[in-house]
1. Would you confirm whether any residue within the stretch 72-90 is surrounded by 15 or more Cβ atoms within 10 Å (Cβ to Cβ), out of contact with any helix residue (DSSP H, G or I) (no Cβ under 9 Å at 6 or more places or on another chain), closer than 18 Å to residue 126 by Cα and modelled with pLDDT of 95 or more?
2. When you scan the stretch 51-70, how many residues do you find that are touching a strand residue (DSSP E or B) at 6+ places or on another chain (Cβ under 7 Å) and free of Cβ contacts under 8 Å to residues at least 40 places away in the same chain?
3. Being assigned to a loop (DSSP other than H, G, I, E, B), modelled with pLDDT of 90 or more and within 20 Å of residue 65 (Cβ to Cβ) is the filter here; which residues of the stretch 23-51 pass it?
4. Go through the stretch 13-26 and count every residue that is touching a residue at least 24 places away in the same chain (Cβ under 8 Å) and exposed (fewer than 14 other Cβ atoms within 10 Å of the Cβ).
5. Cβ-Cβ below 8 Å, separation at least six or inter-chain, first residue in the stretch 92-103 and under 15 Å from residue 69 (Cβ atoms), second loosely packed, with under 15 Cβ neighbours inside 10 Å: which pairs?
6. Filter the stretch 76-101 for residues that are in contact with a strand residue (DSSP E or B) (Cβ under 6 Å, 6 or more places away or on another chain) and assigned to a loop (DSSP other than H, G, I, E, B); which is nearest to residue 24 (Cα to Cα)?
7. Could you please let me know if residue 121 is exposed (fewer than 15 other Cβ atoms within 10 Å of the Cβ), modelled with pLDDT under 70 and assigned to a helix (DSSP H, G or I)?
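The values are calculated or read from the model by the stated rules, or taken from the named source; none is laboratory data. Remember, predicted model here, so these are calculated numbers, not experimental data. As a convention, Cβ positions derive from the backbone with ideal geometry for all residues, glycine included, and neighbour counts pool all protein chains shown.
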């Protein structure tokens, strides 16, 4: 995945989800459309560099601004240890972009008729909203 720094104008990119930390919003294998260079808000799902391992990209929800950067959380209650509760706030310069949409690839072996493709599109492509999916995030 490539990205642009803020100030260079909006750009689009793609990413893929690995792991369960964003369930139910995102699941392992989801592909993401990412908007770089756009303003970020609390509640957005964002792609960022891991603050302790910057060659690793992670996807988390922006829970709020704290001294030192964004406090980020996974949407899954089982995600403890993979977000700011483990590594603290993420500096703003490590937050690369906001997730605009997710899509799921067609499973191998499925028919590719126009009707099947339309049914896949209706179920596989979804915008990713800034509304928190997690009760934990709303409570903070």
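1. Checking the stretch 72-90: not a single residue is surrounded by 15 or more Cβ atoms within 10 Å (Cβ to Cβ), out of contact with any helix residue (DSSP H, G or I) (no Cβ under 9 Å at 6 or more places or on another chain), closer than 18 Å to residue 126 by Cα and modelled with pLDDT of 95 or more.
2. Step one: filter the stretch 51-70 for residues touching a strand residue (DSSP E or B) at 6+ places or on another chain (Cβ under 7 Å), giving 51, 56-64, 69-70.
If we keep only those that are free of Cβ contacts under 8 Å to residues at least 40 places away in the same chain as well, we get 56, 58, 60, 62, 69-70.
Number of matching residues: 6.
3. Result: 38, 39, 40, 41, 42, 43, 44, 51.
4. Let us first name the residues in the stretch 13-26 that are touching a residue at least 24 places away in the same chain (Cβ under 8 Å), namely 13, 15, 17, 19-26.
Filter once more, keeping what is exposed (fewer than 14 other Cβ atoms within 10 Å of the Cβ): 24.
The qualifying residues number 1.
5. These pairs meet every condition: 93/5; 94/54.
6. Initially, the stretch 76-101 is screened for residues in contact with a strand residue (DSSP E or B) (Cβ under 6 Å, 6 or more places away or on another chain), giving 83-84, 89-92, 94-101.
Okay, now just the ones that are also assigned to a loop (DSSP other than H, G, I, E, B), so 83, 89, 91.
Numbers: 83: 16, 89: 23, 91: 26 Å.
Among those that are in contact with a strand residue (DSSP E or B) (Cβ under 6 Å, 6 or more places away or on another chain) and assigned to a loop (DSSP other than H, G, I, E, B), it is 83.
7. Values: exposed (fewer than 15 other Cβ atoms within 10 Å of the Cβ): yes; modelled with pLDDT under 70: yes; assigned to a helix (DSSP H, G or I): yes.
It is true that residue 121 is exposed (fewer than 15 other Cβ atoms within 10 Å of the Cβ), modelled with pLDDT under 70 and assigned to a helix (DSSP H, G or I).
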